[in-house]
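Engineer: Once you've had a glance at the structure underneath, I'll fire off some questions.
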Amino acid sequence: MAHADDATKAWVSAIPKKNADGNVMEWRCKYKYTLNDFSHIFEKSEKIESPSKAPAAYTQAELLTLMDKDHWDDMFNKKYAVSIASVPVETTDTSFDVSSLSAS
């Protein structure tokens with residue numbers, strides 16, 4: 001099951017670092033996934049090899065591709081699956097009588 005498909009996703013922040021021409025040299029992004037009572041914020045910085053666009057020239061879709069959203073989806077699926085996994089039941093039998101065991 002792809003839990004990331006069911007999660008609510010929202011931008012937390014997208015912070016550009018610009019050169020003297022006003023073009024983005026690096027993006028620092030945070031993106032939040034929430035499903036039921038579980039949420040996780042992913043963070044990533046990505047340098048732009050050939051800065052040629054101002055921050056406003058980017059789309060959200062471009063930023064998600066740059067940040068490797070597919071990887072974030074995969075990691076959210078794994079983190080969510082762990083969060084909902086059943087915890088094994090452990091019991092302590094304080095009334096166990098060791099003398100009931102064979103001596104040899």
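Engineer: Please name all residue pairs, on different chains or six or more residues apart, with Cβ atoms under 8 Å, provided the first residue is in the range 1-24 and is surrounded by 11 or more Cβ atoms within 10 Å (Cβ to Cβ) and the second residue is among the small types (Gly, Ala, Ser).
Structural biologist: His3/Ala81; Lys18/Ala54; Gly22/Ala54; Asn23/Ser52; Asn23/Ala54; Val24/Ala54
Engineer: Of all residues being surrounded by 10 or more Cβ atoms within 10 Å (Cβ to Cβ) and small (Gly, Ala, Ser) in the range 49-58, which is farthest from the chain's Cα centre (by Cα)? Just the residue, please.
Structural biologist: Ser52
Engineer: How many residues are in contact with a helix residue (DSSP H, G or I) (Cβ under 6 Å, 6 or more places away or on another chain) and among the acidic types (Asp, Glu) when one looks only at the range 1-59?
Structural biologist: Counting residues in the range 1-59 that are in contact with a helix residue (DSSP H, G or I) (Cβ under 6 Å, 6 or more places away or on another chain) and among the acidic types (Asp, Glu) gives 1.
Engineer: Among the residues of the range 60-86, write down those that are among the aliphatic types (A, V, I, L, M), part of a helix (DSSP H, G or I) and modelled with pLDDT of 95 or more.
Structural biologist: Across the range 60-86, the qualifying residues are Ala61, Leu63, Leu64, Leu66, Met75.
Engineer: Quick one: which of Glu26, Glu62, Glu49, Glu43 is among the acidic types (Asp, Glu) and closer than 14 Å to Lys9 by Cα?
Structural biologist: Criteria check complete, one pass: Glu43.
Engineer: Among (1) crowded, with 16+ Cβ neighbours inside 10 Å; (2) touching a Leu at 6+ places or on another chain (Cβ under 6 Å), there is one condition Glu46 misses while meeting the rest; what is its number?
Structural biologist: Of (1) crowded, with 16+ Cβ neighbours inside 10 Å; (2) touching a Leu at 6+ places or on another chain (Cβ under 6 Å), only one is false for Glu46: (1).
Engineer: Against the conditions (1) modelled with pLDDT of 95 or more; (2) within 30 Å of Ile84 (Cα to Cα); (3) over 11 Å from the mean Cα position of the chain (by Cα), where does Tyr31 fall short? Just the number, please.
Structural biologist: Of the numbered conditions (1) modelled with pLDDT of 95 or more; (2) within 30 Å of Ile84 (Cα to Cα); (3) over 11 Å from the mean Cα position of the chain (by Cα), the odd one out for Tyr31 is (3).
Engineer: List the number of the failed condition for Ser95; all other conditions in (1) loosely packed, with under 10 Cβ neighbours inside 10 Å; (2) among the small types (Gly, Ala, Ser); (3) part of a helix (DSSP H, G or I) hold.
Structural biologist: In the conditions (1) loosely packed, with under 10 Cβ neighbours inside 10 Å; (2) among the small types (Gly, Ala, Ser); (3) part of a helix (DSSP H, G or I), Ser95 misses (3) alone.
The values are calculated or read from the model by the stated rules, or taken from the named source; none is laboratory data. Keep in mind that what you see is a predicted model, and the values were worked out from it rather than measured. Ideal geometry is used to build each Cβ from the backbone, glycine not excepted, and the neighbour counts take in all protein chains shown.
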